[in-house]
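Coordinate-derived values only; no laboratory data. A quick note: this is a predicted structure, and the numbers were derived from the prediction, not measured. All Cβ positions, glycine included, derive from the backbone under ideal geometry; neighbour counts span all protein chains shown.
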Amino acid sequence: MSGFDWAYRSSVPGVGWTPRDESLLRTAFAVHCILTDHFDEVPGIPVPFAVPGQFPQNRVIATAPFTLYSFQAAGDGSYVHDNGFFFATGEYGLALTAGVGLARAIGNSQRRNAAQADATRMWRPLDQGRIFINIDGFHLLTAGDLVTWDWQSIDLGQMVQRGQFAMVGNSEQGRVSYVIESDLAELVFFLWAAHRQPQHPQLYQRVWLLPEWLNKYDAVRRPDDIDYWNQSVLGDRALPPGL
């Protein structure tokens, strides 16, 4: 492969190569190297935090922005009821008093409805920052914290749509359900499934090789680049031992 030449690919006319495309290329290359037992060829990325394990096996191989969604309620259904008294005098006092009362009733209704909506469990944005991925797990770096997930802490994982990896796992706060939205969600899925569920149906479908991305990649691929078109189906190829 001729390297991650962003400048070249993004300059090819009529293609519109994006950071998402570059992340999918890094994903495809990393997966290819792992499946062919050439993980040592995946370049590492310098990071400003400590990474468990032994270098270079533990090196971070990809990073991108992320948004984390949690399946939870935003509140408990309670709200503050405004029952304050207001009385206006003068020619328009009665109308003004009635108007304030109506506004207060509308405000109470809106707060009650908002509280009820907050009490409903649904996917809600929880945090955002950058995700850093290595062979053993991933690190979520936000404005206020660094959270590390290893594959053993995640019991269920699947791609729910392009760029969104859903997971159920065990955190320091207990059992959690998250969706990670990122250009590298497909790489997170592959590495998790390769470690925890090699028979995962989405793994055998190679969900990281998206048809529209393969078309764009073909338009910018140079002669010495890997041909991912011929790797769209995993088939019976076994994952390398030791993952």
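Residue count for the range 211-233 under the criterion of being surrounded by 18 or more Cβ atoms within 10 Å (Cβ to Cβ) and not in a helix (DSSP H, G or I): the result is 1.
Looking across the range 8-26 at every residue that is under 24 Å from the mean Cα position of the chain (by Cα) and of a type in the set (A, V, I, L, M), the one that is surrounded by the fewest Cβ atoms within 10 Å (Cβ to Cβ) is identified as Leu25. Counting only strands (runs of 3 or more DSSP E) that sit completely within the range 135-209, those holding 2 or more residues that are closer than 24 Å to Pro48 by Cα correspond to 137-142, 146-150, 174-182. The set of residues in the range 199-213 that are in contact with a Leu (Cβ under 9 Å, 6 or more places away or on another chain) and either under 23 Å from Thr148 (Cβ atoms) or among the aliphatic types (A, V, I, L, M) (or both) comprises Leu203, Trp208, Leu209, Leu210. Somewhere in the range 199-213, is a residue aliphatic (A, V, I, L, M) and touching a strand residue (DSSP E or B) at 6+ places or on another chain (Cβ under 7 Å)? Checked the range 199-213: at least one residue is aliphatic (A, V, I, L, M) and touching a strand residue (DSSP E or B) at 6+ places or on another chain (Cβ under 7 Å). I want to confirm something. Restricting to the range 30-67 and keeping residues that are among the small types (Gly, Ala, Ser) and crowded, with 17+ Cβ neighbours inside 10 Å, which single residue is nearest to Leu209 (Cα to Cα)? Top of the filtered list is Ala30.
Among the candidates Thr27, Thr63, Thr67, the residue that is in a helix (DSSP H, G or I), touching a residue at least 24 places away in the same chain (Cβ under 8 Å) and polar (S, T, N, Q) is uniquely Thr27. Among residues of the range 1-56 being among the hydroxyl-bearing types (Ser, Thr, Tyr) and in contact with a Phe, Trp or Tyr (Cβ under 6 Å, 6 or more places away or on another chain), the one that is nearest to Tyr228 (Cα to Cα) is Thr27.
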